[in-house]
Amino acid sequence: MKLISEFKAQLATLGEIKRVWLTSFNINIGFIETHLLPAVLGMEEPPKNRSEFERLQFDLTRKKIDFRIYCDKRLITQEQHKRTSITILPVSVRQIAPHLDAQNSLFHPKVIYLEDVHGNMILGAGSANLTLSGWGRNQEAVDFRRVSTNKQYQQIKSFFTQVDPNMAVDDAFPVRRKFSHDDPDWDFIHSLSGKTLLKALANGDTIKKLSVWSPYLAADLAGFIGSLSHAFGNPALRVDLVPDLAHGRFLRTPGGEGTDVLRQSGQLRLCKNPVERDERSELTHAKVWLATGKSSATLAIGSWNFTAPGCSSVNVDNTDETHWNIEAGIVHRVSPKTKIVGAVLDEKAFAYASAELLEAEGLHIPDQLPFDLQVQFDWRSGKYTVSGEWFDGKPTAQYALRLPGIAQVIPLGWRGKSLIALRDLVAEQPDEVLTQHFYTVIRPGEADWQGVIHEVGQAFRRVNGFDTLHDLLNSYISDVDPQDNDAVQLRETLRDGDSAEDAPPEEKPPIQTSATSYFRLFYALEKRREQLETLNDDASLHYWLFTCPGCLLELVEKVRENLAAQPGTLFGWFMAHEVQSLCQLAKKRYRKKSLAAHAWPKLVIDIPPLPVKGKQRQQYLDAIKQRCGYEA
């Protein structure tokens, strides 16, 4: 996959990676997690099982890389499987560009934005969607450039801040006065700015010829070329097209008399691809535009198809710009001698597509809900935040929301066009969000609709743990980072059986608590007490109390299991009191307890009763409680 190799090469030119932002029309989440995420993290081999996917997510979080994906929200299919908590932000065209056609306008740019911790930036733009076909099977065109001027920086800022209205702009795009690269002669053009593709291509010159690679062509090809001629102010504009032929023969346009007239006059030529295509390639999906003028030439590589919506620059048949797509690409000057087309196609080498083939090859956009929802889950607080806006028709109260970790279905109510605030959306079973990354909208009599959950606070996802209490207590004595402890395993809730490593462990007899001596128990818990007392901020405390392998919550759970399996022992009585004492210390040190309100009830141990034999034994136990500070 050449594009993967080039992507890695671009990353290698940067220092420690800070941001990786990718946009696409449609996406394949499995491809992103299996190939792109490992490339960002410098991994040579793709992950093979749940443990390795979770390791990728852990490394991404530990390195504090802002990795995010933007795509058209209608193109995230319900059949996709998501194994990590990477940020996927669906883009609603009707929300960010209300002047466009809510149903037919597409979010179609394919942009790659890379930044390192030193402020060095690379922008890539082209034709490749974030799919296996886009990065591995199609013939695509992508241009990578060093961000070298404030003008380029502002063009990028303009794009992303409009694509993501919720972005913290000052953090993502602070004022920059210096740029470390020297590549000033390019522009980033996108549909959310004032400058169209055609204006950028003309650049003040009189355009004589337009050469274009595009797999998809305008249905009224002659009418579209006429609009281009008018836009360039040249009725004699010549157009050379390098099309992709469906089934090796058919142009994706019905043709017509006007098209034939243009071809016969030589104003339109259909040309061969000058670049040899790999025989395994499924499609020439590249979109390249070369405008040649009297004294200059300009090249554009991006997402622009040779159609009115794809060009996002001209109006055809009295339609207006509401039918345009959101597109983007990189434009720069080249030599007037530059050529991007091959020889003219032989008349017998192609035919126009039939109506049936065009229908089969055409894009079918899934229906969307009459409203948009944004669902966010905060791993630290265990809470959902839901916002929404109604777009199509009159709001109705017939829809409801189902969220992982919350048993009851949540009715959706509307006040005008805005969603009535949903409060106290705490996940009773947050572990469900570890494997269920989609929310579901339901309406009686209709198919369920799914959307992706935006997860934040991924550092507080509880993924790994210990299989036994014995291993857990040993980890308290060891000075090894719990994430690197050899005894750490993927938690059972995540073992989906996809591979031998992920399969549930074989049944083993439980380790008796007697395998841990009194000394080792007290020593391990005292070490953990000392460690908790060194933590002075709530975020660190939260990690050690509720998240990391061997966290206090895991200790409580395992002690409960042991007490249930071996009730009424003196060892269990001491163990329960010691753990309860740790829980009390944790609550005292955690300042803003409201941030973990959902978790505190889980840090409770029921002290088991002891069979009392004689007054002296009871007095002895009372003395122990007083000496050790155990609550009565």
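Structure notes:
- Residue ID - nearest to Asp367 (Cα to Cα), chosen from residues in the stretch 435-478 that are buried (at least 17 other Cβ atoms within 10 Å of the Cβ) and charged (D, E, K, R): Glu455
- Test result for Pro165, assigned to a loop (DSSP other than H, G, I, E, B) and touching a helix residue (DSSP H, G or I) at 6+ places or on another chain (Cβ under 7 Å): yes
- Scan the stretch 334-383 for residues that are more than 15 Å from Val441 (Cα to Cα), not in a loop (DSSP other than H, G, I, E, B) and not hydrophobic (A, V, I, L, M, F, W, C) and the total you get is 8.
- The listed residues are Ala286, Ala246, and the only one of them that is closer than 24 Å to Ala328 by Cα and not β-branched (Val, Ile, Thr) turns out to be Ala286.
- Residue match in the stretch 548-558 (condition: without any contact (Cβ under 8 Å) to a residue 60 or more places away in the chain, basic (Lys, Arg) and either touching a helix residue (DSSP H, G or I) at 6+ places or on another chain (Cβ under 9 Å) or assigned to a loop (DSSP other than H, G, I, E, B) (or both)): no
- Candidates Ala236, Ala202: the one that is among the hydrophobic types (A, V, I, L, M, F, W, C), surrounded by fewer than 17 Cβ atoms within 10 Å (Cβ to Cβ) and more than 19 Å from Gly256 (Cα to Cα) is Ala236.
- In this structure, Ile17 does satisfy being in contact (Cβ under 8 Å) with a residue 60 or more places away in the chain, farther than 23 Å from Glu282 by Cβ, β-branched (Val, Ile, Thr) and buried (at least 19 other Cβ atoms within 10 Å of the Cβ).
- Search result, residues across the stretch 388-423 that are assigned to a loop (DSSP other than H, G, I, E, B) and of a type in the set (D, E, K, R): Asp392, Lys394, Lys417, Arg423
Each row is one residue, and each column tells you yes or no for (1) touching a residue at least 12 places away in the same chain (Cβ under 8 Å); (2) touching a Lys or Arg at 6+ places or on another chain (Cβ under 6 Å); (3) not in a strand (DSSP E or B).
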| residue | (1), (2), (3) |
| --- | --- |
| Thr34 | yes, no, yes |
| Arg55 | no, no, yes |
| Leu60 | yes, no, yes |
| Thr84 | yes, no, yes |
| Ile88 | yes, no, no |
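- Qualifying residue in the stretch 107-123 (condition: closer than 18 Å to Leu363 by Cα, in contact with a strand residue (DSSP E or B) (Cβ under 6 Å, 6 or more places away or on another chain) and among the hydrophobic types (A, V, I, L, M, F, W, C)): yes
- Exclusive hit being in the same structural domain as His118 (by the TED database), under 22 Å from the mean Cα position of the chain (by Cα) and either surrounded by fewer than 17 Cβ atoms within 10 Å (Cβ to Cβ) or in a loop (DSSP other than H, G, I, E, B) (or both), set Ser180, Ser158, Ser193: Ser158
- One residue stands out in the stretch 431-454 among those that are assigned to a helix (DSSP H, G or I) and in contact with a Gly (Cβ under 9 Å, 6 or more places away or on another chain): the one that is farthest from Asp372 (Cα to Cα), namely Asp431.
- Filter result for Ser312 (at pLDDT below 95, hydroxyl-bearing (Ser, Thr, Tyr) and surrounded by 14 or more Cβ atoms within 10 Å (Cβ to Cβ)): yes
- Some residue of the stretch 508-524 being surrounded by 14 or more Cβ atoms within 10 Å (Cβ to Cβ), at pLDDT 90 or above, within 41 Å of the chain's Cα centre (by Cα) and within 27 Å of His598 (Cβ to Cβ): no
- Test: residue in the stretch 276-287 that is within 30 Å of the chain's Cα centre (by Cα), among the polar types (S, T, N, Q) and surrounded by 17 or more Cβ atoms within 10 Å (Cβ to Cβ): yes
- One residue from Ser418, Ser478 being under 28 Å from Arg94 (Cβ atoms) and of a type in the set (Gly, Ala, Ser): Ser418
- Looking only at the stretch 479-498, and only at residues there that are part of a helix (DSSP H, G or I) and touching a residue at least 12 places away in the same chain (Cβ under 8 Å), the one that is surrounded by the fewest Cβ atoms within 10 Å (Cβ to Cβ): Glu492
- Elements of type strands (runs of 3 or more DSSP E) in the stretch 108-148, at least 1 residues being surrounded by 23 or more Cβ atoms within 10 Å (Cβ to Cβ), touching a residue at least 24 places away in the same chain (Cβ under 8 Å) and not assigned by the TED database to the domain that holds Val242: none
The values are calculated or read from the model by the stated rules, or taken from the named source; none is laboratory data. Everything quoted here is computed from the prediction, not taken from an experiment. Counting neighbours? That spans all protein chains shown, and the Cβs are built from the backbone with ideal geometry, glycine included.
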